[in-house]
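What follows is one structure encoded as structure tokens, with my remarks underneath.
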Amino acid sequence: MAGARTLSLRAASIAVVLSVAVALAGCTASGSGASTPKPTAKSSVSSALRPLVPTYPKKLTNATAKKGTVAAADAIQALIASSDIVTVDNQSKLVPATKKDGAYYGVARGVATVSGFDPIAQAEAMEKLLVAAGWTERDAKATTARYSAVLTVDTAAGVSVLGLQALAKATNTPATVLISIESPDYDGD
């Protein structure tokens, strides 16, 4: 989780207020003296994309932080076809609270892919789906050898942070997609 913490955007992203995309139903008044009905908010996010965003209760515990973070990491990893995956290095753990930061649950996955796989194109496509699901891009950089993006999403428990990286194949190293996701900070159990 040290890699996710070193993104240095975590503190800044927590201070950012994220807007929620809603579609408002049309409102019309009928008859004299009719009151204007209140607009109804409808989510514009496809139900197929919802698993890409972690869900947490307002008050996190170690168990709920783990459950929401792992479920989102699983859904994000599933955007890569299993036939393109060679190995997955899965590191996940609860990071206890410090004097400066609250506890959080973090998942870091290195997904090594088959020969000929384009991790840069994959990560760029994944980011587009993540943004459509409700994540907000905070930073993104791309070259022919590397792609990186930092995204955040506001949840009932606070801000969750996602790091997405892709590394092109190098000598003796397969093309890799790296997924790093953290739950919001909380007091811990």
At a 10 angstrom cut-off on C-beta neighbours, averaged per residue, how do the peptides 101-107, 180-186 rank from highest to lowest? 180-186, 101-107
Amide H contacts under 5 Å for Ala97, restricted to residues at least 5 apart in sequence or on another chain and with H modeled in the peptide plane, are Ala103
Take every Cα-Cα pair in segment 69-115 and report what % of them are more than 16 Å apart. 48 percent
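Averaged over every viewing direction, what's the projected area of the C-alpha convex hull for segment 91-178? Give it in nm², one decimal, please. Mind showing how you got there, number by number?
Details: hull surface 28.1 nm².
Mean projected area for segment 91-178: 7.0 nm², to one decimal.
Cut-off is 10 Å between beta-carbons; in what order do Val153, Val177, Val114 appear when sorted fewest neighbours first?
Details: Val153 22, Val177 27, Val114 12.
Ordered from fewest to most neighbouring Cβ atoms within 10 Å, Val153, Val177, Val114 come out as Val114, Val153, Val177.
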5 Å is the cut-off here: which amide hydrogens, built 1.01 Å from N in the peptide plane, fall below it relative to Ala157, excluding neighbours closer than 5 in sequence? Tyr56
Short version: ³J(HN,Hα) in whole Hz for each residue of segment 94-105, in order, from phi by Karplus 6.51 cos²θ - 1.76 cosθ + 1.60 (θ = phi - 60°), x for Gly and Pro, what are they? 8, 9, x, 5, 10, 5, 8, 10, x, 5, 7, 9
Residues meeting the amide H criterion for Arg138 (H placed from the backbone, H to H distance under 5 Å, 5 or more places apart or on another chain) are Val150, Leu151, Thr152
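Bear in mind these aren't lab numbers, they're just calculated from the coordinates by the rules spelled out. All values reported here derive from a predicted model rather than from experimental measurement. Glycine also receives a Cβ, built like all others from the backbone with ideal geometry; neighbour counts cover every protein chain displayed.
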